[in-house]
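Read-outs: derived from the displayed coordinates by stated rules, not from any lab. Since we're looking at a predicted model, the values are computed, not measured. When we count neighbours, we look across all protein chains shown, and the Cβ atoms used for this are built from the backbone with ideal geometry, even at glycine.
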Amino acid sequence: MLVLGIDPGSVTTGWALLKSQGKKTWIVASGVLEFNSKTEFLERLTQVRLASKRLIEELSPDVVAFESLIYVKSPQALIKLAQTRGVILAACVEKYQGKIFEYSPNLIKSVAVGHGHADKESVRKFLDMTLGKRDYKTHDESDAVAIAFCHIMNSGLSPAKSVPGRKRSSGGLAGALSHKIGK
């Protein structure tokens with residue numbers, strides 16, 4: 001099973017393709033789509049959609065996982081993030097209808113570290129320990145890996161592993177916090 005994790009952003013969008021097969025999960029590829037912050041926002045959204053569509057077509061995942069919207073201090077930043085996320089969803093919704101998932105930031109961190117308020121560095125250390133040490137270009141890239149990993153662990157694609165300091169979700173909380181988009 002190939003899972004594409006996406007951490008949307010209008011300047012940098014992190015992405016990661018993870019493969020889960022049997023008891024093994026590994027990173028196939030990951031990176032960051034970068035956009036010029038000086039480009040007018042609506043023009044940038046067009047670039048985000050086109051780059052996302054190309055990426056999805058090139059990687060051809062089985063499912064796509066997103067981080068759900070988070071509260072930010074600036075309503076304008078939240079609006080831009082929602083619009084960016086919307087154009088990325090638009091790039092994949094036709095082909096992946098029923099195969100697009102979203103997870104709350106707290107659930108993603110909880111799967112990785114054992115509690116939902118972990119910092120990005122703790123999540124990255126967990127990813128290094130679990131999937132192998134890797135140099136990430138930005139936190140957006142490592143966040144995308146964590147999003148894809150969260151989907152694998154919460155969808156039954158990979159059996160539970162005994163990882164020190166991490167609690168395995170029983171499915172109850174995961175089921176309450178994650179859902180298919182469009183259902």
Quiz item: What ³J(HN,Hα) values, in whole Hz, does the Karplus curve 6.51 cos²θ - 1.76 cosθ + 1.60 give for region 2-14 when θ = phi - 60°, with x put for Gly and Pro?
Solution: 9, 10, 9, x, 10, 10, x, x, 7, 10, 9, 10, x
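Using a cut-off of 13 Å between beta-carbons, work out the net charge of the residues near Y136 (Lys and Arg +1, Asp and Glu -1, Y136 not included).
Working: positive: K120, R124, K125, K133, R134, K137; negative: D7, E121, D128, D135, D140, E141, D143.
Neighbourhood net charge equals -1.
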Exercise. Would you grab the residues whose amide H sits under 5 Å from the one on Y96? Only those 5+ places off in sequence or on another chain, please, with H modelled 1.01 Å from N.
Key: none
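Kindly flag which residue pairs out of K80/K120; K24/K133; K53/K95; K38/K80; K80/K137 have an alpha-carbon separation exceeding 20 Å in this structure.
Working: K80/K120 22 Å; K24/K133 16 Å; K53/K95 10 Å; K38/K80 14 Å; K80/K137 23 Å.
Exceeds cut-off: K80/K120; K80/K137.
Which trypsin sites (Lys or Arg not before Pro) in region 27-79 pass both tests, a DSSP loop state and at most 15 other beta-carbon atoms within 10 Å? Kindly include the intermediate steps, with their values, before the conclusion.
Working: sites: K38, R44, R49, K53, R54, K73; in loops: K38, K73.
When the trypsin sites (Lys or Arg not before Pro) of region 27-79 are filtered for loop state and at most 15 Cβ neighbours within 10 Å, K38, K73 remain.
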Self-check item: Length released on extending from K125 to T46, taking residue separation times 0.36 nm less the Cα-Cα span
Solution: 25.0 nm
Quiz item: Out of region 85-160, which trypsin sites (Lys or Arg not before Pro) are coil in DSSP terms and have no more than 12 other C-beta atoms within 10 Å?
Solution: K133
Self-check item: Loop-located chymotrypsin sites (Phe, Trp or Tyr not before Pro) in region 16-82 whose Cβ has at most 14 other Cβ within 10 Å (DSSP)
Solution: Y71
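Determine the sum of side-chain charges near S30: Lys and Arg each +1, Asp and Glu each -1, restricted to other residues whose C-beta is under 11 angstrom from that of S30. If you can, show how the numbers build up before the last one.
Numbers: positive: R134, K137; negative: D7, D135, D140, E141, D143.
Every neighbour counted, the sum reads -3.
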Practice problem: Identify all aspartates and glutamates with a Cα-Cα distance to K99 below 18 Å; exclude those on the same chain that are fewer than 8 residues away in sequence. | Solution: D7, E57, E58, D62, E67
